[in-house]
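Written out below as structure tokens is the structure these notes cover.
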Amino acid sequence: MTQPSDTSRPSGGSRSPVAAHPVTSAVVAILILASIFFAVWVPLYASATPKIGDFPFFYAYLLIYMPVLGIVMWIVISLQGRRRPRPGAERPAGADRGEAAR
């Protein structure tokens, strides 16, 4: 069995955005999972009894959930943008997007 050579990784090594920013990645994952959970967990909003005016709770829930979801997704996109390298930032040799890893 052969060992992988150390020359396959450029000096300074490039890390994935997830490995480089684990806290930001965890926050993004939690926000996305929470958004999915609150949309899929039907017992939260599948009742007729709290009514807001003449509307069942489901309609009020959607009126609250959709803007909150938009804000959460804006936060997720902003956090993901912070993980990307800036356009003028230096990259390690061989880290071009079109080059395949060897």
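The values are calculated or read from the model by the stated rules, or taken from the named source; none is laboratory data. Being a predicted model, the structure only gives us computed values, none of them experimental. Note that we place each Cβ from the backbone using ideal geometry, even for glycine, and neighbour counts take in every protein chain shown.
Observations, loosely collected:
- Selection status of ALA93, outside any loop (DSSP other than H, G, I, E, B) and at pLDDT below 85: no
- Only one of SER47, SER25 that is assigned to a helix (DSSP H, G or I), surrounded by 10 or more Cβ atoms within 10 Å (Cβ to Cβ) and of a type in the set (S, T, N, Q): SER25
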